[in-house]
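Undergrad: Let me give you the structure first, and then I'll get to my questions.
Read-outs: derived from the displayed coordinates by stated rules, not from any lab. Since the structure is predicted, the reported quantities are computational estimates derived from the model, not experimental observations. As a convention, Cβ positions derive from the backbone with ideal geometry for all residues, glycine included, and neighbour counts pool all protein chains shown.
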Amino acid sequence: MFRALASVLLCCFFLEASFWVHFSYGDLTTCSGIVPMTERGDKISITDFGGVGDGQTLNTIAFRKAIYRIQHLRRRGGTLLFVPSGVYLTDSFNLTSHMTLYLARGAVIKATQDTSNWPLIAPLPSYGRGRECPGGRYMSFIHGDGLEDVVITGENGTIDGQGDIWWNMWRQRTLQFTRPSLVELVNSRGMVISNVIFRNSPFWNIHPVYCSDVVIRYVTIVAPPDSPNTDGIDPDSSSNVCIEDSFISTGDDLVAVKSGWDEYGIAYGRPSSYITVRRVTGSTPFAGVAVGSETSGGVENVLAENINLYNSGVGVHIKTNIGRGGVIKNITVSELFMENVRTGIKVAGDTGDHPDNNFNPNALPYVKDLTLKNIWGVNVQRAGWMHGIENATFTGICLSNVTLQGTTGPRPPSWNCNAIRGAAIEVSPRPCAELASVEQSGSCASHS
């Protein structure tokens, strides 16, 4: 049933995306120009290096040889690595700078399910350990570190992580190290990911961390709703990230902006900033648009607009905890539609675990200047849950033109608030008293 539904949604999404590209592109607001697509003069095929797309032959050597050739010949303008139609089974591999990984229509790059030889890498310094287990972590299926000018694109080919073996290890508590992401780019800049399907990631799907100038556009990301921690796109301690025109249906947050974990993130001190999320559609048992909960380096200047969510846990979730530290500010969510959602808006200061017992309970996060406007929901079980932290009240919250209709009966969904201050304009159902503070009325001054 999941596959059938996903196929229908994919078909509809591609038709809609094609309409945007060919008929309405000039009328759309887009941030994708921060990284122009690069035309490669040099082109090679994975088959030139012994690649066989029969779904059984292991192509690890072919991919590594091809990328070695790109790295060392250094053709002017870079090189395009073409993956023709077929199923190419492979171990994890590293990308290199000035390359395009191009998946033709019908091409599938499929991760091996042999986890015994999966490479281990050091934990991210802003996390101090693997996110799930102490020590190192498994390298992402497609990985890049210290790169520039990298493109992953094509004709809606597929990158398949075959994550079910990893999900079962997680469920059975047999993991020795943190599961691999599907694509992780570290300390890199000038990245474009577009027109590719990402399927069944072992862990987070697309994870740009310590990156700048990243465009992720026209992608489809799918995993079963019960697949653990399969976040769609997680910009992490990164800046100038553009996420647009995509469909995501996974087992965890569709987009979650992060910046490090407790004392390690505080020490590393790199925020996520200038993140744009636009025209994203999807469903998840967790949140559609999230900030956190790992926000110790700070998160600021995030814009999410024209978002459509259905059959989801939470529409918007701003989440942090004591010990996180960091500042979350200037977050705007606008033009969001949600249907069949448990909680419309959630702002929580008690969410997320800690890497160890060395976190500082006095390192309180500060959350301010959240703007949530032009939001409409139907069949929303609870309008909002907004709980800050005592001695670190969340301030400057503005709700403007927000209507969240309940599921059944005449009684509207409720709000539950504590340790927050802000203002509300044209909000239904009637919000909590904390959102009617006279001294906070300026929070909504530009939306009245």
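Undergrad: Hey, got the dipole for the chain? About the Cα centre, +1 on K and R Cβ, -1 on D and E Cβ, debye to the nearest 20?
TA: Using only the charged Cβ atoms, the result is roughly 300 debye.
Undergrad: Can you give me the angle between helix 2-19 and the longest principal axis of the chain, using Cα atoms only, in degrees from 0 to 90, rounded to the nearest 10?
TA: So the inclination is approximately 90 degrees.
Undergrad: For the chain, what does the relative contact order come out to in percent, with C-alpha contacts under 8 Å and a separation of six or more?
TA: This gives 8 percent for the chain.
Undergrad: Counting pairwise Cα distances across the range 80-446, what percent come out greater than 32 angstrom?
TA: Cα-Cα pairs of the range 80-446 separated by over 32 Å account for 29 percent.
Undergrad: Also: What FRET efficiency do you get for R74 and R171 if R0 is 60 Å and r is their Cβ-Cβ distance, rounded to the nearest 0.05?
TA: Once rounded, the FRET efficiency stands at 0.85.
Undergrad: Now for a different question. Considering only DSSP states other than H, G, I, E and B, which trypsin sites (Lys or Arg not before Pro) in the range 134-217 qualify as loop sites with at most 14 other Cβ atoms within 10 Å?
TA: Loop-located and lightly packed - R173.
Undergrad: Also, I was wondering about something else. Taking GluC sites (Glu not before Pro) as candidate sites, keep only those in a DSSP loop with at most 13 other Cβ atoms within 10 Å, then name the longest stretch of the chain containing none of them.
TA: Answer - 156-389.
Undergrad: Quick one: if you stick a label point 7 Å off each Cα along the C-beta vector at A419 and T57, how many nm between them?
TA: Those two pseudo-labels are separated by 6.0 nm.
Undergrad: Could you work out how far apart the two model spin labels at E426 and L28 are, taking each label as a point 7 Å from the Cα in the direction of the beta carbon, and quote it in nm?
TA: So the two model labels end up 2.7 nm from each other.
Undergrad: Using 0.36 nm times the number of residues separating Q405 and D226, minus their current alpha carbon distance, what extension gain do you get?
TA: Working it through step by step, the gained length comes to 61.8 nm.
Undergrad: Can I ask one more? Quick one: angle between helix 60-73 and the longest Cα principal axis of the chain, in degrees between 0 and 90, rounded to 10, please.
TA: 90 degrees
Undergrad: Would any residue of the range 77-107 have its amide N under 19 Å from a label point 7 Å out along Cα→Cβ of K43? List them or say none.
TA: 77-86, 98-107
Undergrad: Something else: How large is ³J(HN,Hα) for each residue in the range 85-102, as worked out from phi by the Karplus curve 6.51 cos²θ - 1.76 cosθ + 1.60 (θ = phi - 60°), to whole Hz, x for Gly and Pro?
TA: 3, x, 10, 10, 6, 7, 6, 5, 8, 9, 7, 9, 5, 6, 9, 10, 9, 10
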